[in-house]
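Here, each number is a calculation from the coordinates, and none is a lab measurement. Remember, predicted model here, so these are calculated numbers, not experimental data. Here the Cβ is made from the backbone with ideal geometry for all residues, glycine too, and neighbour counts use every protein chain on show.
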């Protein structure tokens, strides 16, 4: 497949730009992962479903993608929750890390190559801090090591915030800091708390330094795509840029910054205090993963979503139509003709439009509409046709499954379970009984004979008709 002429909206430049990978066909991509102290919610689902779709499209377009989603397993929220449950913080983190990965698999999020943990990268964190101290960009206080934002003149370039605005956000208040906006690289903590020894005392790493520790190790000093929720632009991603570019001297640290819009529930941000947190598993108890993915991908990734259950019900109906098309396509008889040529022409056109939509800043709403259009065309065709040309079928299926793969939709093969067979035979026997009551003997005898040829014998008794499955079918 030819490489896509992809264009991406870059938060750094506030422009849609032509995508030019640093290393040709090889792409390095990092997305900020979860802080694992609780079950994942549908806000997480929206985020990781989108980036999973991005990576699937890049791979479908012929690129080799090394995709990392980190696991934050060192955080005050984890420590506080572990105290409540009377277990070690890392034990709690491992528990919810495992649940997160289960949720991702349930959503058919299969594209990440690596889920690295913060706690496994302490040597890389120590090295960064050492370099920043040696360069005079970081400084030591009784409470920890801080990054001096006045030493990095580009601080604020991602968020477009003025220096005087940078103080009013999630920055640690500390009278020992040089500037209110300086952020922690290492936090000194008492020995009775969870932490590690470091060259600067016992404690824990700051929030921002974990991501640059991971990416500098695996990607080097410059890579292609960094993703995350839009609320992470400041201070988290701003701090990442400051750290990495100060350590390496290479600019830009990341070529393309791609951020996903917020997801609210009935107009409010999800929170336990409001009682409106919807976990991934809550949603999957009621609806399929396909329905959830369709719900998220029906909205452009930069547009906020205000979730309502009715939206998921609508997405489930769309999912049903697409899945129906898949099964109906598989049930067509094949013949050595060009039958179905018009369907193939339509499929090719829709694939071109699908490709153009995905190359236009990952426009999943338009791309999804092309898959829905193809599903409708397949359903219309199968309404009036029982067969199709073999080569035509092969290409239509390839296009349909290609679109479905990018959207992350999966289909179960239709199978008749044993219980269904018994119920089906019972239904046929009941219908035959109704025909006998109406004295439609010829039709009821025809049903008996057809069942006999299938290896099912009927015995009419005073208590009703009973059926027996023979070991071999009759002729």
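Quick notes
- Separation of alpha-carbon centers, the stretch 191-243 and the stretch 246-268, rounded to whole Å: 14
- With the simple model of a label 7 Å out from the Cα in the direction of the Cβ, residue 428 to residue 88 spans 6.2 nm.
- Seen against the Cα atoms of the chain and their longest principal axis, helix 122-134 is set at about 30 degrees.
- Residues residue 153 and residue 353, FRET efficiency given R0 of 35 Å [Cβ-Cβ distance, rounded to 0.05]: 0.20
- The residue 345 and residue 410 beta-carbon pair, evaluated with R₀ = 30 Å, returns a calculated FRET efficiency of approximately 0.65.
- Over the stretch 309-407, Cα pairs under 8 Å with separation of 6+ residues give a relative contact order of 43 percent.
- Note on residue 262 and residue 115: the extension gain reaches 50.6 nm, defined as 0.36 nm multiplied by sequence separation minus the Cα-Cα distance.
- Listed peptides 33-43, 371-381, 173-183 by packing density, highest first (mean Cβ within 10 Å): 33-43, 371-381, 173-183
- Computed from Cα positions, the angle between helix 364-384 and the longest principal axis of the chain comes to roughly 10 degrees.
- Taking the DSSP beta bridges with both ends in the stretch 7-265, the antiparallel portion is around 50 percent.
- The mean sequence separation of alpha-carbon pairs under 8 Å and at least six residues apart, normalised by the residue count of the stretch 7-265, gives a relative contact order of 23 percent.
- Separation of alpha-carbon centers, the stretch 365-434 and the stretch 295-361, rounded to whole Å: 13
- Tensor-based shape of the stretch 309-407 (alpha-carbon gyration tensor, a/c under 1.5 rounded, otherwise prolate or oblate): oblate
- Exposure proxy order (Cβ contacts within 10 Å, fewest to most) of 285, 348: 285, 348
- When only alpha carbons of the stretch 7-265 are considered, Rg and Dmax amount to 18.1, 53 Å.
- Simple spin-label estimate for residue 248 and residue 64 gives 1.9 nm between the two label positions (7 Å along the Cα-to-Cβ direction from each Cα).
- Spin-label model distance (nm) - residue 95 vs residue 77, 7 Å beyond Cα toward Cβ: 1.7
- Counting only alpha carbon atoms, the long axis of helix 341-359 and the longest principal axis of the chain meet at about 10°.
- Computed over the chain: relative contact order in percent, which uses C-alpha pairs under 8 Å that are six or more apart: 15
- Each of 88, 300 has some number of other Cβ atoms within 10 Å of its Cβ, and from fewest to most they run 88, 300.
- Ordering 218, 237 from the fewest to the most neighbouring beta carbons within 10 Å gives 218, 237.
- Based on DSSP H segments of at least four residues, each scored -39500 (n - 2.57), the chain has a per-residue ellipticity at 222 nm of -14500 deg cm²/dmol.
- Computed from the alpha carbon atoms alone, the convex hull of the chain holds 208 Å³ per residue.
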